[in-house]
Amino acid sequence: MPLPRVAIVGRPNVGKSSLVNLLAREKVSIVDDMPGVTRDRVSVIVKLESPDGEGPEREAEVIDTGGFGVYVADGQRYDDAGRDLAQLTEQIEWQIGQAVATADLVLFAIDAQVGITPRDEEIAKMLREQKLGRERGGGKKPVPVVMVATKIDGPKWEAHGYELAGLGFGVPLMIGSLNNYMRRDLLDRLYDLIKDFDNTPELPTDLKIAIVGKRNSGKSTLINHLAGEPRVIVSEIAGTTRDAIDVRFQYHDKSITAIDTAGLRKKSSFSGRVEWFALDRLERSLRRAHVALFMVDATERLSHVDNQLAHMIIEQGTPVVIVINKWDLVEGTIGRKGKPIGAADYEEYLRTKLKGLSFAPVAFMSATKGTNVRQVIELAGELAEQSRIRVGTGELNRFFERLVHERGPSSKLGSVAKIYYVAQTRTLPPTITLVVNKPDLFSPMYQRFLMNRIREELPYGEVPIRLRIKARSRKPGKAKSYDTQPDERMMPAAQGAIEIDLATDDTPLFTDMDWADAPSEMGADEFFDD
């Protein structure tokens with residue numbers, strides 16, 4: 001059974017997103033003074049403790065919604081860049097209606113410091129008459145509504161909160177989200193309000209997929225296809241999505257969370273704080289995802305923004321599927337060479353522009369038509385499994401020993417590169433640590449050769465791999481760690497990573513060889529186009 005759903009509604013800038021963040025104990029929704037920052041339904045699972053500390057923990061899905069009437073407030077039509085976005089009003093309010101229609105409880109937020117406005121009265125009337133959202137049907141009882149007086153930042157504002165009872169929803173709950181004033185009272189009351197609903201814990205997510213791409217590349221269209229409903233606003237207006245939006249769905253027997261992120265554009269074009277907040281959300285989404293779907297618009301040339309996104313994915317170490325969207329509009333059209341464009345042609349073009357992601361698989365699809373969407377999700381699952389593979393220490397040492405024997409030993413200014421020990425020290429991403437005599441003998445070309453052979457022969461050739469070159473220390477804990485090539489930066493080792501101490505053995509497992517003719521790939525300094 002699904003968890004009880006709690007929808008938070010209200011006019012713009014009453015503190016809905018701050019309330020969601022308070023309940024979630026983390027920054028889930030973007031908070032800003034600008035009206036219209038939240039546009040889609042942003043949901044999060046919150047855990048509520050028993051007021052007396054003895055009852056069971058309860059869970060609920062809390063849903064943040066856009067501000068009702070945001071683009072017609074005071075007769076204005078605006079966003080952070082001054083663009084005419086009045087056409088989004090209907091879509092935003094439809095999303096609010098969907099949140100209410102599917103909710104078990106509605107929290108109606110009103111700014112106590114401002115008091116009741118005509119917009120608040122309009123929303124209150126719609127909630128009383130159950131006109132906000134589609135018909136609930138099936139004999140389902142009307143959704144209960146509880147008023148929340150926000151911005152109660154101290155005792156002096158409590159009287160203002162009580163004045164809101166005149167709207168007919170009883171004495172409101174009160175909260176000061178910025179200073180947590182009366183937070184415990186709100187949490188205890190919410191715990192009691194959801195006690196009569198089914199509270200079967202949410203099944204853990206088997207796969208988290210971050211969907212990233214520049215503006216209008218089809219991310220939200222894909223999310224809606226996966227969700228089976230218009231879960232996020234799809235518009236030709238660039239930058240419609242602001243928050244990172246989690247959408248949960250079932251695929252066969254797996255529970256999957258797809259994370260829709262804000263479309264990126266050049267940082268020099270950012271028009272306000274909201275875009276910087278959205279960029280931070282995008283980076284956080286990559287960190288918490290098992291796999292990323294990098295959406296590329298097949299109808300446009302790859303741009304500097306695409307390179308920025310690719311670089312972010314590389315730095316985070318997230319497995320990635322490069323998804324060529326809108327392929328149905330390009331396949332078979334006549335290209336510059338006068339021949340029909342095929343998948344092989346486009347992939348060749350892609351590889352020349354995104355060399356830093358040369359290991360990543362490519363998939364072609366149409367999010368609008370749903371073509372190949374299942375194949376993309378299955379490929380994402382395969383990459384997640386690949387990034388969890390752990391190769392045994394014995395197998396790794398035999399593999400590296402064979403590489404050295406195939407190529408022969410070498411020296412640099414009289415020094416011979418020696419590898420004493422090799423081990424995989426973590427997964428997600430797979431990280432291989434080499435304990436050596438002198439890390440500076442391992443040139444970038446040398447490291448690239450190792451990376452190429454690892455990808456060719458070990459079972460994680462399509463996901464990011466970290467290679468650590470570590471000087472052996474005779475005192476445990478004193479070894480110095482070195483990163484590898486710039487575009488394969490080492491991330492902090494996970495707790496429980498293997499610690500290697502070979503202080504009692506001066507004999508290297510094997511020595512290294514001449515790397516002068518080793519093949520190379522593009523480094524991070526060559527990644528971006530001029």
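Got at least one residue in region 332-351 being surrounded by fewer than 19 Cβ atoms within 10 Å (Cβ to Cβ), out of contact with any Lys or Arg (no Cβ under 6 Å at 6 or more places or on another chain) and within 27 Å of L467 (Cβ to Cβ)? Yes; the residues of region 332-351 include at least one that is surrounded by fewer than 19 Cβ atoms within 10 Å (Cβ to Cβ), out of contact with any Lys or Arg (no Cβ under 6 Å at 6 or more places or on another chain) and within 27 Å of L467 (Cβ to Cβ).
Would you be able to say whether some residue in region 396-409 is in the same structural domain as M312 (by TED's automatic domain parsing), in contact with a strand residue (DSSP E or B) (Cβ under 8 Å, 6 or more places away or on another chain), touching a residue at least 60 places away in the same chain (Cβ under 8 Å) and not in a helix (DSSP H, G or I)? No; the residues of region 396-409 include none that is in the same structural domain as M312 (by TED's automatic domain parsing), in contact with a strand residue (DSSP E or B) (Cβ under 8 Å, 6 or more places away or on another chain), touching a residue at least 60 places away in the same chain (Cβ under 8 Å) and not in a helix (DSSP H, G or I). Among the residues making up region 299-339, those that are more than 24 Å from the chain's Cα centre (by Cα) and modelled with pLDDT under 90 are I334, G335, R336, K337, G338, K339. Here's a check for you: in region 303-341, which residue that is assigned to a loop (DSSP other than H, G, I, E, B) and touching a residue at least 12 places away in the same chain (Cβ under 8 Å) is farthest from I377 (Cα to Cα)? The qualifying residue farthest from I377 (Cα to Cα) is S303.
Evaluate the following for I432: is it of a type in the set (A, V, I, L, M, F, W, C) and under 20 Å from K208 (Cβ atoms)? Here the answer is no, as I432 does not meet what is asked. The single residue among I324, I314 that is under 18 Å from L282 (Cβ atoms) and either among the aliphatic types (A, V, I, L, M) or touching a His at 6+ places or on another chain (Cβ under 8 Å) (or both) turns out to be I314. In region 346-395, which residues are within 24 Å of R301 (Cβ to Cβ) and in a loop (DSSP other than H, G, I, E, B)? Those that are within 24 Å of R301 (Cβ to Cβ) and in a loop (DSSP other than H, G, I, E, B): L354, S358, F359, A360, P361, M365, A367, T368, K369, N372. Scoring V44 on the criteria (1) surrounded by fewer than 23 Cβ atoms within 10 Å (Cβ to Cβ); (2) at pLDDT 80 or above; (3) not in a loop (DSSP other than H, G, I, E, B); (4) not charged (D, E, K, R) leaves a single failure, condition (2). Among the residues of region 149-165, is any over 24 Å from M126 (Cα atoms), crowded, with 23+ Cβ neighbours inside 10 Å and among the polar types (S, T, N, Q)? Looking through region 149-165, none of the residues is over 24 Å from M126 (Cα atoms), crowded, with 23+ Cβ neighbours inside 10 Å and among the polar types (S, T, N, Q). The condition of being at positive phi and modelled with pLDDT under 90 holds for only one of L413, L403, that being L413.
Across region 154-196, the number of residues qualifying as free of Cβ contacts under 8 Å to residues at least 40 places away in the same chain and in a loop (DSSP other than H, G, I, E, B) comes to 6.
The values are calculated or read from the model by the stated rules, or taken from the named source; none is laboratory data. Since we're looking at a predicted model, the values are computed, not measured. As a convention, Cβ positions derive from the backbone with ideal geometry for all residues, glycine included, and neighbour counts pool all protein chains shown.
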